[in-house]
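Rule-based calculations on the coordinates, nothing more; no lab input. Here the structure is a predicted model, which is why all the values come from computation and not from measurement. Here the Cβ is made from the backbone with ideal geometry for all residues, glycine too, and neighbour counts use every protein chain on show.
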Amino acid sequence: MTDSLLAMAVMAVLALAPVAGLLLARRRLGSANAAAWLVTYGALIIFGEHTLVGLGEQQALTGLAAHARFHWIMAGIHTAVGAMLLVVIGWTLLREGRPAGWVAVLLALLVGGSAELLAAGTVFPHGFPPRSIPLGLFLYAYLPALAGALGITFRQVFRPVGEGSGR
């Protein structure tokens, strides 16, 4: 049990190191740029875990009907498309201080994060032994990455009109 807890702690530190680094570097990078990088990191985690790992597990689906396998594959493809769109939103709308970009990232965090945590609690304990490996904890790093992006851009996006907001 102690080995599992140590492995989980190591994975958490490794997964959160880029988030912490970007948050600490936000003054040097600029909050908008740091936020765009945080969104990119979060999207890469989503893409890597849900698209690459999910599609890599196709051989385990041999008992599913062809129609269900088709939708499994397309869900993975559309996860990749969604992750790419999230990156585009981070580098354009959010970086430009547009409320629509901020709200889009907030919705990705709330809807995706809620579903992720619900599935982890009811379907598969992703990242938590004994049914999963600690490496699976890496998946959850997108939650603080997106939350951090929202936190460091809130004032820029929602400052009152006339304070340089461009609105």
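Hey, what do the phi angles of the range 89-94 turn into as Karplus ³J(HN,Hα) couplings, whole Hz, using 6.51/-1.76/1.60 and θ = phi - 60°, x for Gly and Pro?
My calculation for the range 89-94 gives 4, x, 7, 10, 4, 5 Hz in order.
Assign unit charges at the C-beta atoms only (+1 for Lys and Arg, -1 for Asp and Glu), then state the dipole size of the chain relative to its Cα centre in Debye, rounded to the nearest 20.
580 debye
With a/c under 1.5 counting as rounded, go ahead and sort the range 1-92 into rounded, prolate or oblate using the C-alpha gyration tensor (a ≥ b ≥ c being the square roots of the eigenvalues; past the cut-off, prolate if a/b is larger than b/c, else oblate).
The shape class here is oblate.
From the C-alpha gyration tensor of the chain, pull out the three semi-axes of the equivalent ellipsoid (sqrt of 5λ each), sorted largest to smallest, in whole Å.
Gyration-tensor ellipsoid for the chain: 32, 21, 12 Å.
Can you find, among Val10, Val111, Leu93, the residue farthest towards the positive end of the dipole of the chain? Put +1 on the C-beta of Lys and Arg, -1 on that of Asp and Glu.
Leu93
Please identify every one of the trypsin sites (Lys or Arg not before Pro) in the range 51-132 that sits in a loop by DSSP and has no more than 13 other beta carbons within 10 Å of its own beta carbon. Don't skip to the answer; put the middle values down first.
On the way: sites: Arg69, Arg95, Arg131; in loops: Arg95, Arg131.
Within the range 51-132, the qualifying trypsin sites (Lys or Arg not before Pro) (loop, at most 13 other Cβ atoms within 10 Å) are Arg131.
Of Leu94, Leu137, Leu52, which is the most mobile in a GNM of the chain whose springs link Cα atoms less than 10 angstrom apart?
Comparing Leu94, Leu137, Leu52 in the GNM, the peak value goes to Leu52.
Note the angle between two axes, namely the Cα long axis of helix 142-158 and the longest principal axis of the Cα atoms of the chain, as a number of degrees from 0 to 90, rounded to the nearest 10.
Helix 142-158 sits roughly 20 degrees off the main axis of the chain.
Among Leu44, Leu23, Leu110, which one moves the most in a GNM of the chain with springs linking Cα atoms closer than 10 Å?
Largest GNM mean-square fluctuation: Leu110.
Given R₀ = 22 Å, FRET efficiency for Gln58-Phe124 by Cβ-Cβ distance, to 0.05?
My answer for the efficiency is 0.85.
How do His50, His67, His78 rank when sorted from fewest to most other Cβ atoms within 10 Å of their own Cβ?
Ranking His50, His67, His78 by Cβ neighbours within 10 Å, fewest first, gives His67, His78, His50.
Residue by residue, what Karplus-based ³J(HN,Hα) values in Hz, rounded to whole numbers, does the range 73-84 have, using 6.51, -1.76 and 1.60 with θ = phi - 60° and x for Gly and Pro?
4, 5, 5, x, 5, 5, 5, 4, 4, x, 5, 5
State, as an integer percentage, the relative contact order of the range 1-134 based on alpha-carbon contacts under 8 Å between residues 6 or more apart.
Worked out over the range 1-134, it gives 27 percent.
Please find, in a Gaussian network model of the chain (springs between Cα atoms separated by less than 10 Å), the residue of Pro130, Pro18, Pro99 whose mean-square fluctuation is greatest.
Between Pro130, Pro18, Pro99, it is Pro130 that shows the largest mean-square fluctuation.
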